[in-house]
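These notes concern the structure reproduced below.
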Amino acid sequence: MKPTSPPAARPTAAELDLLQVLWRLGAADAKAVHEALLPERPDASYATVLRQLQVMHGKGLLSRDESQRPQLYAPLHAQDKLQQSLVRDFIAKAFAGSGKALVLAALKGHVNAKERAEIRQLLAKNGDEA
């Protein structure tokens, strides 16, 4: 059973890269994770990926199935739950707890016209449900 609460240890940027791969692949061995990571990080060695997976297991970010060889690693936390936790922390630290300030900062320079239209539709839809 997967924990629903976010991990106590926060993933580093490199660990988030590996989590993205595992969320996409599902449970996988170090070789599969390494091969899937190469297009994004061609400098990553197999040994580094394996070591990082082991560290992440130790931090409580991954489960490890030791009943077979090669061992399979899988995220212990759902992608949306971990992302929500990281965003909550980021809002608290960088925007004094204001989600509105985060959204306004994002809208100022990080959203294109198509994305703005999608956001307007989402807001209109959620406004109808409220």
Inset, instruction - Go over the candidates R41, R120 one by one and state the one that is of a type in the set (K, R) and farther than 24 Å from P11 by Cα. - result: R120
Legend entry - Out of R69, R64, sole residue that is at pLDDT 90 or above, touching a Phe, Trp or Tyr at 6+ places or on another chain (Cβ under 6 Å) and charged (D, E, K, R): R64
Inset, instruction - Please indicate, with yes or no, whether at least one residue in the stretch 51-60 is modelled with pLDDT under 95, closer than 15 Å to L19 by Cβ and hydrophobic (A, V, I, L, M, F, W, C). - result: no
Legend entry - First in the stretch 10-39 and free of Cβ contacts under 8 Å to residues at least 40 places away in the same chain, second anywhere and part of a loop (DSSP other than H, G, I, E, B), Cβ under 7 Å, 6 or more apart: D17/E40; D17/R41; K31/P70; H34/A44; L37/A44; L38/A44
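The values are calculated or read from the model by the stated rules, or taken from the named source; none is laboratory data. Predicted model only: the values in this text are computed from it and were never measured. Positions of Cβ are backbone-derived with ideal geometry, glycine not excepted, and every protein chain shown enters the neighbour counts.
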